[in-house]
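Novice: I'd like to ask some things about the structure below.
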Amino acid sequence: MDRRFHFISGLPRSGSTMTAAVLRQNPEFHAAMSGPIAGLFEGMIAQVSAGSEMASMVSYEQRRRLLKGLFENYYADLDARVVFDTNRSWTAKFAAILTVFPDAKVICLVRDVAWIMDSMERQYRKNPFENTRVFANPQQRATVYSRLEALGGPNSLVGFPWNALKEACYADYADRLMLVDYDLLVRRPRDVFRAIYEFIDEPWFEHDFEAVEYDAPEFDTQLGMDGLHRVHKIVAPRDRATILPPDLFRRYSSMSFWRHMDDSKVARLIPSVPQRTTAHEG
């Protein structure tokens, strides 16, 4: 099968799982939540890079074939003609994945960072009897201030993909990148997905935005955050007030750099709707 590979990346709590759940309605597509390939990809590169005793035995072209084979073998049992692999670290590996798959596109979900933090804090409070693995120690999970500070660290759940996305948006190959804002995605899903199909050059498939299904209870239980990857059946806005203190909300909202992005070659930017201190559940 002549299979095409694309990627879903971007920020957490911004609709990547919902996007995958919608795309997989198309029988020619496969998409899911974040999987293990990105870690395997990085590990394979480490085994053949400088510092490894095997590095001199593996040529550049062999490395490329090995990495391509990783995808082809992992997804070998699927009938899908188009595969979307999801991982927030793909934007940090942008040059490598485009070398392996020159025709690939990367769809990145974004959301006002204050609402990402709000969503994570809300999820944390839903599981008050779990010391979730999202936080490394009692000091990190002590208060909303320490929790958000930990999440925003450069190698943490929100800070790392934020840094990786910003790097990718200003890279030479940003023309292979599409940004989709969560707020517009839940308000106008059909328009957004039509733009996605156009971006990846695939014929339109009529999706049902009132019958979306995805859940990963075993994975979420291991993480100590039940429902983290559960999506609403109907794609629609669900307004709510923030639970964050006002100073934290203002601080993190200012990090939404894509609203004022200059000198970027990003191929498509689907912007957000005007922001208030209420937003949509997710």
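Novice: Any chance the range 148-169 includes a residue that's surrounded by 14 or more Cβ atoms within 10 Å (Cβ to Cβ), within 25 Å of Phe94 (Cβ to Cβ) and among the basic types (Lys, Arg)?
Specialist: Yes; the residues of the range 148-169 include at least one that is surrounded by 14 or more Cβ atoms within 10 Å (Cβ to Cβ), within 25 Å of Phe94 (Cβ to Cβ) and among the basic types (Lys, Arg).
Novice: Quick one: Ala96 ticks every box in (1) touching a Phe, Trp or Tyr at 6+ places or on another chain (Cβ under 8 Å); (2) without any contact (Cβ under 8 Å) to a residue 60 or more places away in the chain; (3) over 25 Å from Met261 (Cα atoms) except a single one, so which number is it?
Specialist: Ala96 satisfies all of (1) touching a Phe, Trp or Tyr at 6+ places or on another chain (Cβ under 8 Å); (2) without any contact (Cβ under 8 Å) to a residue 60 or more places away in the chain; (3) over 25 Å from Met261 (Cα atoms) except (3).
Novice: Does Ala104 fit the bill of being over 30 Å from Arg250 (Cβ atoms), at pLDDT 95 or above and under 20 Å from the mean Cα position of the chain (by Cα)?
Specialist: Spelling it out, Ala104 is indeed over 30 Å from Arg250 (Cβ atoms), at pLDDT 95 or above and under 20 Å from the mean Cα position of the chain (by Cα).
Novice: Taking only pairs six or more apart or across chains, which ones have beta-carbon atoms under 8 Å, a first residue in the range 133-150 that is at positive phi, and a second residue that is modelled with pLDDT under 95 and part of a loop (DSSP other than H, G, I, E, B)?
Specialist: Qualifying pairs under 8 Å: none.
Novice: Does the range 52-60 contain any residue that is modelled with pLDDT of 95 or more and out of contact with any Ser or Thr (no Cβ under 6 Å at 6 or more places or on another chain)? Give the steps one after another, and end with the answer.
Specialist: Just the residues of the range 52-60 that are modelled with pLDDT of 95 or more, to begin with: none.
There is no residue in the range 52-60 that is modelled with pLDDT of 95 or more and out of contact with any Ser or Thr (no Cβ under 6 Å at 6 or more places or on another chain).
Novice: Something else: From the set of residues in the range 28-64 that are assigned to a loop (DSSP other than H, G, I, E, B) and within 29 Å of the chain's Cα centre (by Cα), which is surrounded by the most Cβ atoms within 10 Å (Cβ to Cβ)? Lay out the reasoning, then the answer.
Specialist: Initially, the range 28-64 is screened for residues assigned to a loop (DSSP other than H, G, I, E, B), giving 28, 32-36, 48-54, 58-59.
Now restrict to residues that are within 29 Å of the chain's Cα centre (by Cα): 28, 32-36, 48-49.
On the way: Glu28: 12, Ala32: 18, Met33: 19, Ser34: 22, Gly35: 13, Pro36: 11, Val48: 18, Ser49: 12.
By that ranking, first place goes to Ser34.
Novice: Here is a further query. In the set Val83, Val22, which member is of a type outside the set (Gly, Ala, Ser), outside any helix (DSSP H, G or I) and in contact with a His (Cβ under 9 Å, 6 or more places away or on another chain)? Give the derivation first.
Specialist: On the way: Val22 fails: outside any helix (DSSP H, G or I).
Exactly one of Val83, Val22 is of a type outside the set (Gly, Ala, Ser), outside any helix (DSSP H, G or I) and in contact with a His (Cβ under 9 Å, 6 or more places away or on another chain), namely Val83.
Novice: Within the range 1-27, which residues are under 10 Å from the mean Cα position of the chain (by Cα) and within 23 Å of Tyr124 (Cβ to Cβ)?
Specialist: Gly10, Leu11, Pro12, Arg13, Ser14, Gly15, Ser16, Thr17
Novice: So Asp103 passes all but one of these: (1) in a helix (DSSP H, G or I); (2) touching a residue at least 24 places away in the same chain (Cβ under 8 Å). Which condition number does it fail?
Specialist: Exception for Asp103: condition (1).
Novice: Taking the criterion of being in contact with a strand residue (DSSP E or B) (Cβ under 6 Å, 6 or more places away or on another chain), charged (D, E, K, R) and surrounded by 16 or more Cβ atoms within 10 Å (Cβ to Cβ), would at least one residue in the range 99-107 satisfy it?
Specialist: In the first step, residues of the range 99-107 are kept if they are in contact with a strand residue (DSSP E or B) (Cβ under 6 Å, 6 or more places away or on another chain); the result is 101, 104-107.
In the following step, the residues that additionally are charged (D, E, K, R) were identified as 105.
Going one step further and asking which of them are surrounded by 16 or more Cβ atoms within 10 Å (Cβ to Cβ), we end up with 105.
Within the range 99-107 (the criterion being in contact with a strand residue (DSSP E or B) (Cβ under 6 Å, 6 or more places away or on another chain), charged (D, E, K, R) and surrounded by 16 or more Cβ atoms within 10 Å (Cβ to Cβ)), the answer is yes, since at least one residue qualifies.
The values are calculated or read from the model by the stated rules, or taken from the named source; none is laboratory data. No experiment lies behind these values; they were computed from the predicted model shown. Because the Cβ atoms are built from the backbone with ideal geometry, glycine has one as well, and the counts that use them run over all protein chains shown.
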